[in-house]
Amino acid sequence: MAEIVIRNLRKEFGNFTAVKQSSFTIGDGEFFMLLGPSGCGKTTTLRMIAGLELPTSGEILIDGEDVSQKPASQRDIAMVFQMFALYPHMNVRKNISYPLVSQGLPKTQVRERVAEVARILDITDILDKPVSGLSGGDRQRVALGRAIVRRPKAFMMDEPLGALDAEFREHMAEELRALHDRMKATTVYVTHDQLEAMQMGDKIVVMNHGVVEQFGTPQEIYDHPATMFVADFIGSPAMNFLRFNGSFRGGDTGVILGGQQIETPQLQEEVSARDLVLGVRPEHIALTDSGLYRGRISATEYLGTTQIVTIDAAHGTLKARIPSGTVARVGETVGMSFLAPTLSVFDAGSGRAFRTSANQGVFHG
C-alpha cells in the first residue's frame, strides 16, 4: 500500500476549471473520502489520481513516485465503479481472475489468489455462477474482488454503492469499512453522501466548485467547519446560521447578538464592525426559561428519541434537536442557550470561520 500526495493539482477543460490548486495527503492505509455535491470536482480529482485524466498542472505522488503524467496502467491502482463494469458472459470466478490471467500469472497462483479473495468477501459459494443472475450486493462484491485480487498500491472507488437501495447501501458501507480494516489498504472513495463519508472515512476532503474547502477527520470537519459551506453541507439538520453586524478583539469570549452577550470559544482574531454569522449545531441548543436569546416555535418534528423544533428568531430561523419528552408547543416563545465551546463565528462575506481556541489546531483561517 502507499501514501498519496497531491500538490497544487489543477484540471482545466477548455475555459472551465474543474479542480483548482488542490493539495492534501492521503496516508498509507487510510480510508480517504472525497466528498461534495455534484460538479464539485471530486470525481475529476479521483480520475487524475487514477491516471484516467492527466492534470493541467500540479503533482501526484504515489508511494514517493511522481506519476502526474503517467497513464493508469503505470500507477498500480485498481478502480471500482458505481455500475460494477463486470463481464456478463463470464462467471464470477473468471471475472475476478481476469486481471491476473491478463498479466500471465501461473494458473496455480491465479486459483490461490481468487480463492483467497472469495473467502475475504464471503462469495466462495457463487464462484461458478454467472454474474448476470446475481443481486446488486453480490455484483458489487465481485467488482471489489476483481480489484482486490491484483493487490495494487491503492484502490480508487467512484461512488461504488450508488446503485444500491438505501437499506442495502448502509449494510455494504459497513462491510466495505470492515474489509478495509482487515486489509489496511489505501483507499480513495468518492461520494456525495455526507453520512456515508462520516461513517466510513478516516479523513475527508470537502470540495465545492473545484476548491478544497476543508481537509480533516470526520469529527474535525463536523465540530469545527472551516467555512459556511462545510457547516451547511455536513450535518442533518445543517448548522444554524444567525446573521448580525458586530466586532470583537483577540481574546474575547463572546459576541453581542440582539443586545445579549453570547458566550463563544475564545476568539483569536481582531475584527472591526462587519457582517458576521454565528454558527450553532441543532443539538447544541437547549430550550430554557432563563435563556436570554428568544424566539417563537413555528414547527415541531417528532423523531422518536428526539424532536426537531423550528424556531423563528430575530437573526434567522433555527432548528434545535431536543429530547422528545421536552414540551415544545407551536406558537410558544422560548428562551435558548447555546453550548459555548461548540460555536463557530464566520465572516459573512468570505464565508470562512474565524480562528478560536476550539478550532485553531484544526485549520488555518
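Observations on the structure shown:
- Here the condition is being acidic (Asp, Glu), surrounded by fewer than 13 Cβ atoms within 10 Å (Cβ to Cβ) and over 30 Å from GLY14 (Cα atoms); of ASP63, ASP122, ASP138, it holds for ASP122 alone.
- Residues of the stretch 200-222 classified as more than 10 Å from the chain's Cα centre (by Cα) and surrounded by fewer than 18 Cβ atoms within 10 Å (Cβ to Cβ), total: 3
- Counting only residues that are among the hydroxyl-bearing types (Ser, Thr, Tyr) and within 19 Å of PHE346 (Cβ to Cβ), the stretch 263-318 holds 4 of them.
- Of all residue pairs spaced 6 or more apart or on separate chains, those with beta-carbon atoms under 6 Å, a first member in the stretch 321-346 that is free of Cβ contacts under 8 Å to residues at least 40 places away in the same chain and a second member that is of a type in the set (Ser, Thr, Tyr) and assigned to a strand (DSSP E or B) are SER324/THR306.
- Criterion violated by ARG146 - all others in (1) in a helix (DSSP H, G or I); (2) in contact (Cβ under 8 Å) with a residue 24 or more places away in the chain; (3) exposed (fewer than 15 other Cβ atoms within 10 Å of the Cβ) satisfied: (3)
- The listed residues are MET79, MET90, and the only one of them that is within 23 Å of ARG113 (Cβ to Cβ) and buried (at least 20 other Cβ atoms within 10 Å of the Cβ) turns out to be MET79.
- Some residue of the stretch 199-216 being more than 25 Å from ASP28 (Cβ to Cβ) and assigned to a helix (DSSP H, G or I): no
- Screening the stretch 1-21 for residues that are under 16 Å from ASP66 (Cα atoms) and either small (Gly, Ala, Ser) or touching a helix residue (DSSP H, G or I) at 6+ places or on another chain (Cβ under 9 Å) (or both) and picking the one that is surrounded by the fewest Cβ atoms within 10 Å (Cβ to Cβ) gives MET1.
- Out of PRO37, PRO71, PRO106, PRO99, one residue alone is surrounded by fewer than 20 Cβ atoms within 10 Å (Cβ to Cβ) and at pLDDT below 90. It is PRO99.
- Qualifying residues in the stretch 243-260 (those that are surrounded by fewer than 13 Cβ atoms within 10 Å (Cβ to Cβ) and touching a residue at least 24 places away in the same chain (Cβ under 8 Å)) - the one nearest to MET228 (Cα to Cα): ASN245
- Failed condition for PRO152, given (1) part of a helix (DSSP H, G or I); (2) within 20 Å of ALA85 (Cβ to Cβ); (3) touching a residue at least 60 places away in the same chain (Cβ under 8 Å): (1)
- Verdict on GLY351 being farther than 30 Å from VAL211 by Cβ and surrounded by 16 or more Cβ atoms within 10 Å (Cβ to Cβ): no
- Any hit, the stretch 298-312, residues being under 30 Å from the mean Cα position of the chain (by Cα), surrounded by fewer than 16 Cβ atoms within 10 Å (Cβ to Cβ) and without any contact (Cβ under 8 Å) to a residue 12 or more places away in the chain: yes
The values are calculated or read from the model by the stated rules, or taken from the named source; none is laboratory data. All values derive from a computational prediction rather than experimental measurement. Here the Cβ is made from the backbone with ideal geometry for all residues, glycine too, and neighbour counts use every protein chain on show.
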